[in-house]
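Bear in mind these aren't lab numbers, they're just calculated from the coordinates by the rules spelled out. Predicted, not measured: the structure shown is a model, and the values here were computed from it. FYI the Cβ positions are ideal-geometry reconstructions off the backbone, even for glycines, and counts take in every protein chain you see.
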Amino acid sequence: MATDGQKKVVVIGGGIAGMEAAAQLARMGYDTTIVEKQARTGGNVANWDHLFPEGRLAGEVVQQLYQKLSPVRIITGSSVKKADMLEGQYILTLADGSVLTTDALVVSTGFRTFDAHRKEEYGYGIYDRVITSADLEGMLNEHQPLFPGRHKGPRRVAFIHCVGSRDEKVGNRYCSKACCAMAVKQASKVKELYPDAEVYCFYMDLRMFDRRYEQMYLDAQAKSGVNFIRGRLSEASEDLQGRLVIKAEDTLMSKPLKMTVDMLVLMVGMEPASGARSVAEMLKIPVGHDGFFNATNELLEANCSGTPGVFLAGTCTGPKTIPETIADARAAATAADAYLRKKS
Amino acid sequence: MAVQFGYSINKSNTIDMDTAPRAMESYLLLHEPSFARCIGCGCCTATCSSGVFTQLNLRQIQLRIRRGETQGLLPEIQKCMLCGKCQMVCPRGVSTRNVVLSIQRALQLLS
Amino acid sequence: MKLAGKKRIWADYQKEIPQDNYFYVRSCIRQNFFPASEVTFLRILRQELGKDIYEHIHHTTCSGIGYHSDVIPLETTMTVVARQFALMTEAGYENYACSCITSFGLYSEILETWKHFPEVLEKVRRDLKAATGREFEVPKHLAHASDIIYKMRHEIASRARYKLVNRYTGQPLRVVEHIGCHYSKMFPSKGVGGAEYPYVLAGMVEAWGGEVVDYPERRHCCGFGFRQYLVQANRGYSVANTQKKFESMAPFKPDMIITNCPGCPYFLDRWQYVIAEMEGKTYGENGFGIPVFTYEEVAGLVLGYDPWDLGLQVHQTAVEPILDKMGVAYNPEKKYLGKDGQNLGHPETPAYSKVY
């Protein structure tokens, strides 16, 4: 419980950004509360199996973050419905009608994965063997066989980059940043589990920007034997055996290309979380055309929302990898701390 | 043919990975594993002593082998003068010299 | 395949199709290709369903065939289309129904253009007035004729004399549905079911007892194009597209094909003959081709109309295998007799394509 004079911070969203920001704020001595919509903390990352570049287990990483939350009050299964400013404090009304007062807010609403149904031509939700990268993480996590059925011979898998990213047709012009590395990670994992499988990555540009990611790419080629084809999928359809016929242009060959695969993995990009817009309206946070929040200065004040006492952390301001999210959350905590220290 | 139509049915130019012959690719991956490291940057082709006067394009030959489009490869690869410049510029450390020699051996073996 | 996934998409692409009172415009070419289809459409709507559907004697081409062959500029086409709308307005109608898919795509394109560029609409009004003295209203609803049959599919089913069921096996007939490219590829929201998984024909097939076959090249163009067929030297490219579709659908062993475009049934039908004569390859059962129909012909068969009144004798790929499977009564003696009972003449027997 809050001691007298201890300032309070509420973190909206208990994904890894919210967890890290809350842990840092608690460490700095603030009375910190996380309000999380889901029944558990950990956000999207808690759904993953293992993480690039080194293959750390997502569950362990989330657990490590969780262990730092002992001084933090966590309210799960709830959300902030109303925020009123009164004498320099925010009075927050939660979904169940309870009220929290706070001196500052960290907004870490995060992302949701792109709804692959919207790329109708890829047949997600229609053709049985079309899955998303998020589905594959779940299957790997539960040690499900990737190719159920009687067929014994080598299998073929295609990973499709940029599904819901860099695509004006679905309204997402931006790059989701993490999917290229995730695709290479998943492709290598499939080869590790099924050495006979033929694995292909269909990419537009391969954005392996980190020093370790380029190594992952090289290992995927040279050690795992993953094939890379530069070209975006135009459509998928099902053949008589229920396998998928996919079409793309091999843009380096300047020729159309088709192949039949046993599994099609759609690398779904990041979109702002479903509740992000209402949080933005409630706290008067500027929102870009893409739905992500705009900071007051994307270079030097990337965690400042422009609303006094409201700070931004993690993927609510745009797609990020995990280390970037963690660094961003710490920066948001530092910004909140600077604000609270100045506040009498 | 009973009827003269005045045209014939066009053939598809699609690369069909379901039927593409992959023997040459397998041979190269086995005998010169660095073949797998190519990222298609085109440095080899840019610097190629022969390629500026002929159609020799090592980047594309690499890709053609990976897609099973190996018809007509011999006269192409014979244009290489084995000067070694491509290997000097390759950012991925592909042993292009051995790639070229392996292609020639594979063509003999597979013919 | 998860049907629920398709239903989810179909639910997203529903359009308002009026029940009645249509101004109907025919296609330039369908009366030559499939001579009874449009007549059958009118017969079903007027005589079976008692609808008011009006045709105007002064209706002309929409000029889409010229527009798509690069010989008529869009501005001219718009003024020609405006004249059709003037005929509709003068006749007191607001619902415009067209037989041709390319017309439908073109009307959709023009109506969208006018919506976003009202100054273009005003110019077309001035041009039409100057050229013909006519004025027009923009139609309240635009429907392709297949939208209307789709809308009435259950009423047709309730009057059905035959079903799309194989009477020998009791199994639903396996039907490939082929949608004309200009139906919804340009404007997915204008077509029933959208562009990737259109429902307009699939809905008819389901309602009339058949089973829809989805195959890898389902979305591929029939190969008609415009210039691509009109110039003889390009026809190898046109037929290659059709061949690609047949190679892809053949493993699914479809019983028949249903289409909603002037060109598609023609090319899917005729090119089977050409492929058979050139390469000796046929795609149906027992050396026959896969019979190809317009949706009006299929509706007519379901309603029990005489196949020869439906113009099925002008199909190049034999239709009798389907008539036999459905159990449709027909008299082979009358196949090549005209409406007046005169002999129309008998087509030459091809070398490879099997005919009755």
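Do me a favour and compute the ellipsoid semi-axes for region C:146-334 from its Cα gyration tensor, root of five times each eigenvalue, largest one first, whole Å. Don't skip to the answer; put the middle values down first.
Numbers: eigenvalues 120, 88, 44 Å².
Square roots of five times the eigenvalues give 25, 21, 15 Å.
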Check your understanding: Going by a 4.7 Å Cβ-Cβ cut-off, which cysteines of chain C have no partner at all?
Key -> C:CYS28, C:CYS62, C:CYS98, C:CYS100, C:CYS181, C:CYS221
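Just to confirm the filter: which trypsin sites (Lys or Arg not before Pro) across region C:296-356 are DSSP coil and have at most 14 other Cβ within 10 angstrom of their Cβ?
On the way: sites: C:LYS325, C:LYS334, C:LYS335, C:LYS339, C:LYS354; in loops: C:LYS335, C:LYS339, C:LYS354.
Those that pass, being in a loop and sparsely packed, are C:LYS339.
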Point to revise | Additional length obtainable on full extension of the chain from A:ASN141 to A:THR296, 0.36 nm per residue less Cα span | key: 51.9 nm
**Study point:** Dipole moment magnitude, nearest 20 debye, region C:83-210 about Cα centre, only Lys, Arg, Asp, Glu C-beta charged
**Key:** 440
Study note, to complete from the structure: Under the 7 Å Cα-to-Cβ spin-label approximation, C:GLN47 and C:GLU112 lie apart by a distance in nanometres of 3.8
**Study point:** Cysteines in chain B that, by Cβ-Cβ distance, have no pairing candidate under 4.7 Å
**Key:** B:CYS38, B:CYS41, B:CYS43, B:CYS48, B:CYS80, B:CYS83, B:CYS90
Review point. Along the charge dipole of region B:1-109, which of B:LEU63, B:LEU29, B:LEU82 sits closest to the positive end, that is, farthest toward it, with unit charges on the beta carbon of Lys, Arg, Asp and Glu (+1, +1, -1, -1)?
Key: B:LEU82
Exercise for review: Round to the nearest 10 and give me the degree value, 0 to 90, for the angle of helix A:16-27's Cα axis relative to the longest principal axis of chain A.
Suggested key: 30
Review point. Taking the simple approach of a point 7 Å from Cα along Cα-to-Cβ for both A:ILE91 and C:SER158, what is their distance in nm?
Key: 6.1
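List the equivalent ellipsoid semi-axes of chain B in whole Å, largest first, each obtained as the square root of 5λ for an eigenvalue λ of the Cα gyration tensor.
Listed largest to smallest, the semi-axes of chain B are 31, 17, 13 Å.
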Review point. Region C:190-261: percent of C-alpha pairs farther apart than 16 Å?
Key: 57
Revision key, fill the gap. If amide H atoms are modeled at 1.01 Å from N in the peptide plane, then the residues at a separation of 5 or more from A:ARG156, or on another chain, having amide H under 5 Å from its own are A:GLU198, A:ASP262, A:MET263
Check your understanding: What Kirkwood hydrodynamic radius do you get for the protein assembly as shown when you take the inverse of the mean 1/r over all pairs of distinct Cα atoms, in Å?
Key -> 30.9
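So which GluC sites (Glu not before Pro) in region A:46-89 end up in coil per DSSP with only 12 or fewer other C-beta atoms within 10 Å?
Values: sites: A:GLU54, A:GLU60, A:GLU87; in loops: A:GLU54, A:GLU87.
Taking region A:46-89 and a limit of 12 other Cβ atoms within 10 Å, the loop GluC sites (Glu not before Pro) found are A:GLU54, A:GLU87.
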**Study point:** Zero-based 20 Å bins, Cα pair distances in chain C, whole percents
**Key:** 30, 59, 12, 0
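Would you mind telling me the antiparallel percentage of the DSSP bridges in the protein assembly as shown, rounded to 5? Working shown, then result.
On the way: 33 of 88 bridges.
Percent antiparallel among DSSP bridges in the protein assembly as shown is about 40.
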Review point. With respect to the cross-link table entries A:LYS258/C:LYS244; A:LYS7/A:LYS81; C:LYS51/C:LYS190; B:LYS11/C:LYS281; A:LYS185/A:LYS247, which display a Cα-Cα separation exceeding 18 Å?
Key: A:LYS7/A:LYS81; C:LYS51/C:LYS190; A:LYS185/A:LYS247
Point to revise | Computed [θ] at 222 nm, deg cm²/dmol, chain A (DSSP H ≥ 4; -39,500 (n - 2.57); rounded to nearest 500) | key: -7500 deg cm²/dmol
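Reported to two decimal places, what Rg/Rh ratio describes region A:116-270 when computed on Cα atoms with Rh from the Kirkwood expression?
Values: Rg = 14.6 Å, Rh = 15.6 Å.
Rounded to two decimals, Rg over Rh is 0.93.
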Point to revise | Distance between region C:269-338 and region C:92-106 - C-alpha centres, whole angstrom | key: 28
Practice item. Give the long-range amide H neighbours of C:TYR336: residues separated by 5 or more places, or on another chain, with amide H under 5 Å away, using H modelled in the peptide plane at 1.01 Å from N. Key: none
Check your understanding: What residue among A:MET208, A:MET270, A:MET19 shows peak mean-square fluctuation when chain A is described by a Gaussian network model with Cα springs under 10 Å?
Key -> A:MET208
Point to revise | Simple Cβ-charge dipole of region C:253-352, Lys/Arg +1 and Asp/Glu -1, about Cα centre, in debye nearest 20 | key: 100
Point to revise | Theoretical gain in end-to-end length, A:ALA338 to A:THR251 [0.36 nm per residue, Cα-Cα removed] | key: 26.2 nm
Review point. Please identify the trypsin sites (Lys or Arg not before Pro) of region C:89-172 that satisfy two criteria: DSSP loop assignment and at most 15 other Cβ atoms within 10 Å. Which are they?
Key: C:ARG134, C:LYS140, C:ARG159, C:ARG161, C:ARG167
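Please return the longest range in chain A lying between exposed loop sites, taking trypsin sites (Lys or Arg not before Pro), DSSP loop only, at most 10 other beta-carbon atoms within 10 Å, and leaving the sites out. Walk me through the numbers before you get to the answer.
Details: sites that count: A:ARG150, A:LYS152.
Here the longest run is A:153-344.
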Study note, to complete from the structure: Expressed as a whole-number percentage, the relative contact order of region A:123-252 with C-alpha contacts under 8 angstrom and at least six residues apart is 23
Practice item. Could you give the spread of the C-alpha atoms of region A:1-119 along their three principal axes, from largest to smallest, in whole angstroms? Key: 46, 35, 20
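For the protein assembly as shown, give the magnitude of the charge dipole about the Cα centre (Cβ charges: +1 Lys/Arg, -1 Asp/Glu; no others), in debye to the nearest 20.
On the way: 95 positive and 88 negative charges, 329 e Å.
Computed about the Cα centre, the dipole is about 1580 debye.
Between A:LYS81 and A:GLU281, what length in nm is gained on full extension when 0.36 nm per residue of separation is reduced by their alpha carbon distance? Mind showing how you got there, number by number?
On the way: separation 200, 0.36 × 200 = 72.00 nm, distance 1.08 nm.
Length gained, A:LYS81 through A:GLU281: 70.9 nm.
Compute the FRET efficiency between B:VAL52 and C:ALA233 as 1/(1 + (r/R0)^6), taking r as their Cβ-Cβ distance and R0 = 45 Å, and round to the nearest 0.05.
Values: r = 37 Å, r/R0 = 0.82.
The computed FRET efficiency comes out at 0.75.
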Review point. Rg/Rh for region A:188-344: what does it come to with C-alpha atoms and Rh from Kirkwood?
Key: 1.12
